[in-house]
1. Consider segment 324-348. How many of its residues are more than 30 Å from the chain's Cα centre (by Cα) and hydrophobic (A, V, I, L, M, F, W, C)?
2. If we keep just the residues of segment 291-339 that are of a type in the set (Lys, Arg) and either in contact with a Pro (Cβ under 9 Å, 6 or more places away or on another chain) or surrounded by fewer than 17 Cβ atoms within 10 Å (Cβ to Cβ) (or both), which is nearest to residue 258 (Cα to Cα)?
3. Condition (residue is closer than 22 Å to residue 111 by Cα and part of a loop (DSSP other than H, G, I, E, B)) applied to segment 6-28: is it met by at least one residue?
4. I'd like the full set of residues that are more than 16 Å from residue 64 (Cα to Cα) and surrounded by 15 or more Cβ atoms within 10 Å (Cβ to Cβ), limited to segment 1-25.
5. Being part of a helix (DSSP H, G or I) and not polar (S, T, N, Q) narrows it down to one of 126, 167, 120, so name that one.
6. Among the residues of segment 278-315, count how many are among the basic types (Lys, Arg) and modelled with pLDDT under 85.
7. Residues in segment 98-108: is at least one on the phi < 0 side of the Ramachandran plot, within 21 Å of the chain's Cα centre (by Cα) and buried (at least 17 other Cβ atoms within 10 Å of the Cβ)?
8. Among 212, 228, 236, 200, which is the only one that is over 24 Å from residue 262 (Cβ atoms) and either among the polar types (S, T, N, Q) or touching a helix residue (DSSP H, G or I) at 6+ places or on another chain (Cβ under 9 Å) (or both)?
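The values are calculated or read from the model by the stated rules, or taken from the named source; none is laboratory data. Every value quoted in this text rests on a predicted model; they were computed, and no experiment measured them. Quick reminder, even Gly has a Cβ in these numbers, built from the backbone with ideal geometry, and neighbours come from all protein chains shown.
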Amino acid sequence: MYLDLLRAEILKQREVYLALKAGRKESVCYKSYRHPEFGTQDENYENRLRLAYYLLYEKVEDEEVIFWLFQEELIDRETNSFQGIGAALEILTFLLAKYNTGHSYDAWFQRAKNANFDCACGYDPAIKMNDKFSDNDLLDCIYLCKDMGFRDVMELLVDLWKGSVAAWGDADRESLIRFYTFLGKEEENEMLYLEQLSSAKRTGKLRDTVQAYNRLIRHYLVLGQCAAAHGCLDEARELAEDTEIHGLHPLGDLLEEAFEVICQERAETEGGIAAEKSIAVACPGRDDTKTEELWEWAKAKFTNGTEWYGNLYIKRIAAAKAMKDPDSVKFDKEYGDWCKKVGIKKRG
């Protein structure tokens, strides 16, 4: 059943393939756009990936189309701010290699190898792939749906998979968290994160427990539930005195979340501190005393001499401004000094 559901979606790519053969390339050609957070991206990457899977699983032998798609994908790998290799390039490489008996594509494969740092490290021109669709199990099909953005089918398959799990463990819950997050059902993850936290506590491993707190706090922050996030932070802070967790992670994660909670509770906005009326809306029932106490804790923990990272510096500055702390000027200078030291451009 699950194979039939996914294959029906893949077979819809035949129309895209025939359109491409007729010269209508607009849905699968390289089409760059600028993402405000992730930089240069390709609007048609997902469409091209879907077509690549169609060519793979339907065993379409069309050297001209495969080579053209490979070239379009190569432009994306060379210009994409995220870099990466990607399933589309791997599939198209596997398909194109079948026509490389005279080594006519060796130079193109070398260009792909040089496309970006990730390709230089991990791209394999001799990659082998399984083109037998029926070999995919239920979890394989879920991940294929995720890759190709088939959300409706993926939701059906996730429900089937949930019913097949006899005894839930950490790995199963972790998979379901990822599925729900991709499907835009983050609210469903609360109980899963709580169960992961309970499991970590049972192991007695401090770092695992703090990391489980970090993920639960992050979940609440994503949902804008700053009071719940603050409550979890207070619990996790009791463990943060142990030197075992000091350093970038997981203490750095706790500090990053603390700064975000402070900004939410003080309703920090792009242009500065929001009006008092907006603060009440942003975080109903907020406690200024608790916010101030959290700020003093995070501020002190940050200045313990550890080498931090860019986002943490930036969020400390934002929290200082939210708290109207005059040290924000000093923190901004420290961030600038750190940027010079590591050789990156200062943001903000």
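1. Count: 1.
2. 324
3. Just the residues of segment 6-28 that are closer than 22 Å to residue 111 by Cα, to begin with: 28.
Narrowing the set further to residues that are part of a loop (DSSP other than H, G, I, E, B) leaves 28.
Yes, because at least one residue in segment 6-28 is closer than 22 Å to residue 111 by Cα and part of a loop (DSSP other than H, G, I, E, B).
4. 2, 3, 5, 6, 7, 9, 10, 13
5. Numbers: 126 fails: part of a helix (DSSP H, G or I); 167 fails: part of a helix (DSSP H, G or I).
Result: 120 is the single residue among 126, 167, 120 that is part of a helix (DSSP H, G or I) and not polar (S, T, N, Q).
6. Of the residues in segment 278-315, 1 are among the basic types (Lys, Arg) and modelled with pLDDT under 85.
7. Checking segment 98-108: not a single residue is on the phi < 0 side of the Ramachandran plot, within 21 Å of the chain's Cα centre (by Cα) and buried (at least 17 other Cβ atoms within 10 Å of the Cβ).
8. Numbers: 212 fails: over 24 Å from residue 262 (Cβ atoms); 228 fails: over 24 Å from residue 262 (Cβ atoms); 236 fails: over 24 Å from residue 262 (Cβ atoms).
Going through 212, 228, 236, 200 in turn, just one is over 24 Å from residue 262 (Cβ atoms) and either among the polar types (S, T, N, Q) or touching a helix residue (DSSP H, G or I) at 6+ places or on another chain (Cβ under 9 Å) (or both): 200.
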